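Enquirer: Below is a structure I'd like to ask you about.
The values are calculated or read from the model by the stated rules, or taken from the named source; none is laboratory data. These numbers come from a predicted model, not from an experiment. Cβ sites come from the backbone with ideal geometry, for glycine too, and all protein chains shown count toward neighbours. Ligands, DNA and RNA are excluded from the accessible area calculation, which covers all protein heavy atoms including side chains. Shrake-Rupley method; radii C 1.70, N 1.55, O 1.52, S 1.80 Å.
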Amino acid sequence: MSAPAAPNPERPRALYVHIPFCEQRCPYCDFAVHVGGAARHRGYVAAVRAELRWLARAAVVPAPLDSVYLGGGTPSRLSPRLVAAILGTARARFGVAPGAEVTLEANPSDVTTRRARAWVAAGVTRVSLGVQSLDDGVLRQLGRNHTAVQALAAIRALRGAAVPSLSCDLLYGIPGRPAVSFQASLDRLLEAGPDHVSCYELTPERGTRLQRQVTLGLVRPPHPVANLAQHWWAVERLAAGGYQQYEVSNFARPGQESRHNLQYWRQGWYWAVGSGAHGHLPAAIARRLGVDVEAPEPGVRAVRWWNHRGTARYLRAVDETGSGWAGWEAVDADQAELERVACGLRLREGVLLQTPAQRRMARQLSRHGLLTMAGGRARTTRRGEELLEAVTRRLLAA
Amino acid sequence: MPASPIERVRNFSIIAHIDHGKSTLADRLLERTGSVAARDMAEQVLDSMDLERERGITIKAQAVRLVHQAPDGTAYQLNLIDTPGHVDFAYEVSRALAACEGAILVVDATQGIEAQTLANVYKALDLGLTLVPVINKIDLPAAEPERVRAAIESVIGLPAEDCLLVSARTGDGIDAVLAAVVAQIPAPRGDRAAPLRALIFDSKYDAYRGVMVYVRVMEGRLRAGTSITMMASRRTFTVDEVGFFRPQMTPTDELAAGEVGYLVAAIRDVRAARVGDTITEADRPAAAALAGYRQATPMVWAGIYPVEGDRYPDLREALERLQLNDAALTFEPETSVALGFGFRCGFLGLLHLDIVQERLEREFDLTLITTAPSVAYRVTTRDGEVVIVDNPAHLPDPAAVEVIEEPRVRSEIMVPREFLGNLMELCQERRGEFIHLEHQAGERVLLRYDLPLGEIIHDFYDQLKSRSRGYASLDYELHEYRAAQLVKLDILVAGTRVDALSAIVHREKAQAYGRRLVERLRQLIPRQLFEVAIQAAIGGRIVARETVPALRKDVLAKCYGGDITRKRKLLEKQRAGKQRMKRVGSVEIPQEAFMAVLSLDQG
């Protein structure tokens, strides 16, 4: 993994593009999603490109992008021509650095060799495939529109089209499913040899159908401790297969870590376009975009901002103003520190301790076997990772 | 407006048990005399503090002037001085009564006389006040006015036929009350030509005008421009304004002997105008001061600490401000290993404590931790020194202690006969000593017990109520200090003694108390990153132990773009929510834990 780079104080080099379209809403998903309507893709992509132009104008001299991430939703539902159009605009307005990571999230059911080739031709260097499970029962339960066979076929197709880097997502902690279901899925997935794996605990998010079912007692999520066992089983299985855990839920072969996602956890800057997308910008740039951060507010270095979540509302905003942004907030030094520690502790590389109070608290936590300290950085131990949120709170109480 | 002729002035209070309808009656009097337009009537006008209105109780004495047109056309000036009803505020009652010649005694037609009412009746009779008995709530189906009438005659000795039947709610009988106030309560006496003597019966701090002094003029006249001297504090001021309450402040030309009102004199230091002091003229001083008041003595002590240590100076200022109109509150700096810098505060009782904390937080925007309340013990050491210990953590080493004496009260409990057994049992449980039992009219019993104050400051009143289905009432006063077998119980959290959780308890109850307390603390202390042992110890001996197991899992699977804002907001919220947590060693103890003793089930 590349060394943590100091964020360029002025120029974001990452771009997130949200593509909300899905065939149906999955019962556990709480993202900004727009179901159906291929007819709408063209208009939406036009808005995304308009937003890119609008941002690039404000950036004055945009830095070439080091990572682009098309997430969703299901970006693979867009026709490859539209994907190419978005990337083309990004290239034209911001520039995309040689060797940049360009990720596209894909559903197995959308993947064909032809499409995969078209994505590569459009500049995609990495596909993140929503496998979720290789147990057809689980896939049905999760409301996915693909089967295990289709998922494995998709992996072969992507490899066949020479997609340089392949990541696959799996879920564990599915209500009513035995541990072996997840374990068998991971084993089979590793045989297919992706470069990167994300293993997420299925979490009933607020407002999702899954959460409602849990509340109503219709489904019973596994005991938290059982989920921890799944997690550690996965960590060990993946390590044995050559995948190092670098974030709580993310594993990669050497050099295959997601450069884009690391920006999130390392407090990097990123542009964001598309409905419901969140960006993180230097205050100076946000000001040029018309965000009313008071200029001589010394504590405020950063602005987090977000676009309208509803597609119609987003499209109207872009149409009227050139931008889809719905809100923003100034992040002062204290808040940035909360984010830095909270995100940094998720990483195996840990977080740099910056104050004597933090070091004192970290030492206390390490005496309790929750952190280890080396080179001025604190990393969670196994137990520390299990209690990550509580450890974060405690470290931040310093 | 010139002063009213003294023979047309009446000064009176209302004595009533909580919920017997005192405030409603006061409202009705205000309304009937046109002192408040009906449309301006907020419910219960006299309870002007927000807190008072929210809780339906009176905390501070208030004074309001009514103008009553008698049927013969004569206008009378009636000064109504409102009094609190809760036992904690008995002291405020005596102050108010001293400014009056009479009192309306309100008794609920469905409830009868309560112990608290009786105590205040005695106070009024001691001060030579004329009582106008009023039986209220006669409109209720459960009203038994005849029974209550008989009780008033037999218990208090007021002729049954003098009792007025009233419904303050419907307004029935209010005119008769006003007529009786004029006819029965004597006009004040006092020479208006004599040198000024005015009694300070209350004060209030106003940020713009300084201390507002509530006075009853006994002799002479008080006008704006008068140069006055406080006879006790010997401070001199020039009066800027005199006036009265209607109930809003109304400036007037003068207050003459017999009248009640306020004065403003740019007094910045509340200590310069102490309640109970006598005001006289600087140029023509009176020969002697009026009899003042007995200073209210706190019964209960607790530590109050700011959650954020740097707000300590703010807390000091807030307490000073509060003391301006709460003379009964005392405070002294103290330090706790667990809680840092704070104050040991003295209160009249737990309701008083609760109200003070609420006012500090509400009016001064402080976040506070209050420790478990304690009474003051008298400790004689082996070398003969006597120390008063109002903080259990400061109890000297047992080896150095010759004797510990605890405060005891003489209590009067009024209860319907059917619950007598229950209440005697309660008093025995609390180490009470039976003194006397008296059967009274209407199936009621007056029970006298000697009780350790420490056993009744919390939960006793609630128990009294619940074991008598709400019918019992209580009054008590400090009686004596007496030696008892008392020990200090310490609480250790993760091996560290938490001084703020120490308690002084009776030897025979100590172990059971320790067990209940650690059990309660186990419920109150949230799971932490590691297992936390909670122990109770007497001397070096552990008498109880509980364990708070460590957290098992607390990790979120995902954290991407928009999650980061969400997560930070959660952290910020938790930080704010944590405000009431104190870290002792490596354990976070929530605020409620320091008051755990108050939520113990009595075993």
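Enquirer: Which count do you get for residues in the range A:22-49 that are aliphatic (A, V, I, L, M) and within 20 Å of the chain's Cα centre (by Cα)? Please lay out each step first, then the result.
Expert: We begin by selecting, within the range A:22-49, every residue aliphatic (A, V, I, L, M); these are A:32-33, A:35, A:38-39, A:45-48.
Narrowing further to those that are within 20 Å of the chain's Cα centre (by Cα): A:32-33, A:48.
Final tally of qualifying residues: 3.
Enquirer: Looking at the range A:258-268, is at least one residue open to solvent by 30 Å² or more (accessible area, probe 1.4 Å), within 11 Å of chain B (Cβ to nearest Cβ) and closer than 21 Å to A:GLU385 by Cα?
Expert: Going residue by residue through the range A:258-268, those that are open to solvent by 30 Å² or more (accessible area, probe 1.4 Å) are A:259, A:263, A:266-267.
With the extra rule that they be within 11 Å of chain B (Cβ to nearest Cβ), the set shrinks to A:263, A:267.
Then keep just the ones that are closer than 21 Å to A:GLU385 by Cα; that gives A:263, A:267.
Taking every residue of the range A:258-268 in turn, at least one turns out to be open to solvent by 30 Å² or more (accessible area, probe 1.4 Å), within 11 Å of chain B (Cβ to nearest Cβ) and closer than 21 Å to A:GLU385 by Cα.
Enquirer: Same structure, new question: Do we find a residue being within 26 Å of the chain's Cα centre (by Cα) and open to solvent by less than 30 Å² (accessible area, probe 1.4 Å) anywhere in the range B:171-179?
Expert: Kept after step one, since they are within 26 Å of the chain's Cα centre (by Cα), are these residues of the range B:171-179: none.
Within the range B:171-179, not a single residue is within 26 Å of the chain's Cα centre (by Cα) and open to solvent by less than 30 Å² (accessible area, probe 1.4 Å).
Enquirer: For the range B:149-198, which residues satisfy the criterion of being outside any strand (DSSP E or B) and among the charged types (D, E, K, R)?
Expert: The first filter runs over the range B:149-198 and keeps only residues outside any strand (DSSP E or B), leaving B:149-163, B:166, B:168-171, B:173-196.
Result: B:ARG149, B:GLU153, B:GLU161, B:ASP162, B:ARG169, B:ASP175, B:ARG189, B:ASP191, B:ARG192.
Enquirer: Oh, and also: Going by the conditions given, is B:GLN511 surrounded by 20 or more Cβ atoms within 10 Å (Cβ to Cβ) and at pLDDT 90 or above?
Expert: So B:GLN511 fails the test.
Enquirer: Output the number of residues of the range B:245-255 satisfying the condition of being in contact with a Pro (Cβ under 9 Å, 6 or more places away or on another chain) and over 13 Å from B:GLU281 (Cβ atoms).
Expert: At the first step, the residues of the range B:245-255 found to be in contact with a Pro (Cβ under 9 Å, 6 or more places away or on another chain) are B:252-254.
Add one more test, that the residue is over 13 Å from B:GLU281 (Cβ atoms), and what stays is B:252-253.
Of the residues in that region, 2 qualify.
Enquirer: In addition: Confirm whether B:MET595 is open to solvent by 30 Å² or more (accessible area, probe 1.4 Å), of a type outside the set (Gly, Ala, Ser) and within 14 Å of chain A (Cβ to nearest Cβ).
Expert: no
Enquirer: Let me ask something else about it. Name the strands (runs of 3 or more DSSP E) wholly inside the range B:512-603 in which the number of residues that are of a type in the set (S, T, N, Q) and in contact with a strand residue (DSSP E or B) (Cβ under 7 Å, 6 or more places away or on another chain) is 1 or more. Explain how you work it out, then say what you get.
Expert: Working: elements: B:532-538, B:541-548, B:581-584, B:587-590.
Answer list for the range B:512-603: B:532-538, B:541-548.
Enquirer: When the range A:317-344 is examined, which residues are found to be more than 11 Å from every other protein chain (Cβ to nearest Cβ), farther than 29 Å from A:TYR246 by Cβ, surrounded by fewer than 22 Cβ atoms within 10 Å (Cβ to Cβ) and small (Gly, Ala, Ser)?
Expert: A:ALA317, A:GLY322, A:SER323, A:ALA326, A:ALA330
Enquirer: Considering only residues of the range B:253-277 that are β-branched (Val, Ile, Thr) and open to solvent by 20 Å² or more (accessible area, probe 1.4 Å), which is nearest to the chain's Cα centre (by Cα)? Full working, then the answer.
Expert: Pass one, the range B:253-277, residues β-branched (Val, Ile, Thr): B:260, B:264, B:267, B:270, B:275.
The next check asks that each one be open to solvent by 20 Å² or more (accessible area, probe 1.4 Å); those that pass are B:270, B:275.
Working: B:VAL270: 20, B:VAL275: 16 Å.
Here the residue is B:VAL275.
Enquirer: Let me ask something else about it. If I ask for residues that are in contact with a Cys (Cβ under 8 Å, 6 or more places away or on another chain) and either closer than 30 Å to A:ALA118 by Cα or without any contact (Cβ under 8 Å) to a residue 60 or more places away in the chain (or both), which ones from the range A:193-221 would you list?
Expert: Hits for the range A:193-221 are A:PRO194, A:HIS196, A:VAL197, A:SER198.
Enquirer: So, in the range B:516-541, of the ones that are in contact (Cβ under 8 Å) with a residue 60 or more places away in the chain and open to solvent by 40 Å² or more (accessible area, probe 1.4 Å), which residue ends up farthest from B:GLN591 (Cα to Cα)?
Expert: Per the stated criteria, the residue is B:GLY539.
Enquirer: Considering the range A:345-362 alone, what residues qualify as being within 14 Å of another protein chain (Cβ to nearest Cβ), of a type in the set (Gly, Ala, Ser) and under 24 Å from A:TYR264 (Cβ atoms)?
Expert: Of everything in the range A:345-362, just one residue is within 14 Å of another protein chain (Cβ to nearest Cβ), of a type in the set (Gly, Ala, Ser) and under 24 Å from A:TYR264 (Cβ atoms), namely A:ALA362.
Enquirer: Restricting to the range A:363-390, name every residue that is within 14 Å of another protein chain (Cβ to nearest Cβ) and either surrounded by fewer than 20 Cβ atoms within 10 Å (Cβ to Cβ) or modelled with pLDDT under 95 (or both).
Expert: Answer for the range A:363-390, where residues must be within 14 Å of another protein chain (Cβ to nearest Cβ) and either surrounded by fewer than 20 Cβ atoms within 10 Å (Cβ to Cβ) or modelled with pLDDT under 95 (or both): A:ARG363, A:GLN364, A:LEU365, A:SER366, A:ARG367, A:HIS368, A:GLY369, A:THR381, A:ARG382, A:ARG383, A:GLU389, A:ALA390.
Enquirer: Could you tell me which of the residues A:ARG159, A:ARG93, A:ARG115 is surrounded by fewer than 17 Cβ atoms within 10 Å (Cβ to Cβ), farther than 30 Å from A:GLY176 by Cα and basic (Lys, Arg)?
Expert: Numbers: A:ARG93 fails: surrounded by fewer than 17 Cβ atoms within 10 Å (Cβ to Cβ); A:ARG115 fails: surrounded by fewer than 17 Cβ atoms within 10 Å (Cβ to Cβ).
So the residue among A:ARG159, A:ARG93, A:ARG115 that is surrounded by fewer than 17 Cβ atoms within 10 Å (Cβ to Cβ), farther than 30 Å from A:GLY176 by Cα and basic (Lys, Arg) is A:ARG159.
Enquirer: Please state which of the following conditions B:VAL242 fails to meet, knowing it meets all the rest: (1) free of Cβ contacts under 8 Å to residues at least 40 places away in the same chain; (2) surrounded by fewer than 23 Cβ atoms within 10 Å (Cβ to Cβ); (3) at negative phi.
Expert: (2)
Enquirer: Restricting the range A:269-284 to residues that are under 12 Å from A:TRP328 (Cβ atoms) and buried (at least 23 other Cβ atoms within 10 Å of the Cβ), which is farthest from the other protein chains (Cβ to nearest Cβ)?
Expert: Going through the qualifying residues, I end up with A:LEU281.
Enquirer: Okay, moving on. Residues in the range A:189-223 that are surrounded by fewer than 17 Cβ atoms within 10 Å (Cβ to Cβ) and within 14 Å of chain B (Cβ to nearest Cβ): how many?
Expert: 4
Enquirer: Picking from B:LEU447, B:LEU395, which residue would you name as being at pLDDT 90 or above, of a type in the set (A, V, I, L, M) and either farther than 23 Å from B:SER154 by Cα or more than 27 Å from the chain's Cα centre (by Cα) (or both)? Spell out the reasoning first.
Expert: On the way: B:LEU447 fails: either farther than 23 Å from B:SER154 by Cα or more than 27 Å from the chain's Cα centre (by Cα) (or both).
The match here is B:LEU395.
Enquirer: Could you look through the range B:542-584, keep only residues that are more than 9 Å from chain A (Cβ to nearest Cβ) and open to solvent by less than 40 Å² (accessible area, probe 1.4 Å), and pick out the one that is nearest to A:LEU171 (Cα to Cα)?
Expert: Out of the qualifying residues, it is B:VAL548.
Enquirer: Determine, yes or no, whether A:ARG393 is facing chain B (nearest Cβ under 8 Å), open to solvent by 40 Å² or more (accessible area, probe 1.4 Å) and closer than 27 Å to A:ARG304 by Cα. Before you say what the answer is, go through the steps one by one.
Expert: Values: facing chain B (nearest Cβ under 8 Å): yes; open to solvent by 40 Å² or more (accessible area, probe 1.4 Å): yes; closer than 27 Å to A:ARG304 by Cα: yes.
It is true that A:ARG393 is facing chain B (nearest Cβ under 8 Å), open to solvent by 40 Å² or more (accessible area, probe 1.4 Å) and closer than 27 Å to A:ARG304 by Cα.
Enquirer: I'm checking my understanding of the structure. Among residues of the range B:128-148 that are assigned to a helix (DSSP H, G or I) and touching a residue at least 24 places away in the same chain (Cβ under 8 Å), which one is nearest to the chain's Cα centre (by Cα)? Even if it seems obvious, please write down each step before you answer.
Expert: In the first step, residues of the range B:128-148 are kept if they are assigned to a helix (DSSP H, G or I); the result is B:145-148.
Now narrow it down to the ones that are touching a residue at least 24 places away in the same chain (Cβ under 8 Å): B:145, B:147-148.
Values: B:PRO145: 30, B:ARG147: 31, B:VAL148: 28 Å.
Per the stated criteria, the residue is B:VAL148.
Enquirer: Now a separate question. Between a first residue in the range B:422-446 that is over 13 Å from B:ARG408 (Cβ atoms) and a second residue that is aromatic (Phe, Trp, Tyr) and open to solvent by 30 Å² or more (accessible area, probe 1.4 Å), which pairs have beta carbons less than 9 Å apart while being 6 or more apart in sequence or on different chains?
Expert: B:MET424/B:PHE434; B:GLN428/B:PHE434; B:ARG444/B:TYR471
Enquirer: Which of (1) in a strand (DSSP E or B); (2) open to solvent by 10 Å² or more (accessible area, probe 1.4 Å) does B:PHE201 not meet, given it meets every other one?
Expert: Only one criterion in (1) in a strand (DSSP E or B); (2) open to solvent by 10 Å² or more (accessible area, probe 1.4 Å) is unmet by B:PHE201, namely (2).
Enquirer: Would you tally the residues in the range B:387-431 being open to solvent by less than 20 Å² (accessible area, probe 1.4 Å), of a type in the set (A, V, I, L, M) and within 24 Å of B:GLN116 (Cα to Cα)?
Expert: Qualifying residue count for the region: 6.
Enquirer: Is there a residue being farther than 23 Å from B:GLU592 by Cα, among the aliphatic types (A, V, I, L, M) and surrounded by fewer than 15 Cβ atoms within 10 Å (Cβ to Cβ) anywhere in the range B:378-386? Steps first, answer last, please.
Expert: Taking the range B:378-386 as the starting set, the residues that turn out to be farther than 23 Å from B:GLU592 by Cα are B:378-386.
Imposing the further condition that a residue be among the aliphatic types (A, V, I, L, M) reduces the set to B:379, B:386.
From what's left, surrounded by fewer than 15 Cβ atoms within 10 Å (Cβ to Cβ): B:386.
Yes, the range B:378-386 contains at least one residue that is farther than 23 Å from B:GLU592 by Cα, among the aliphatic types (A, V, I, L, M) and surrounded by fewer than 15 Cβ atoms within 10 Å (Cβ to Cβ).
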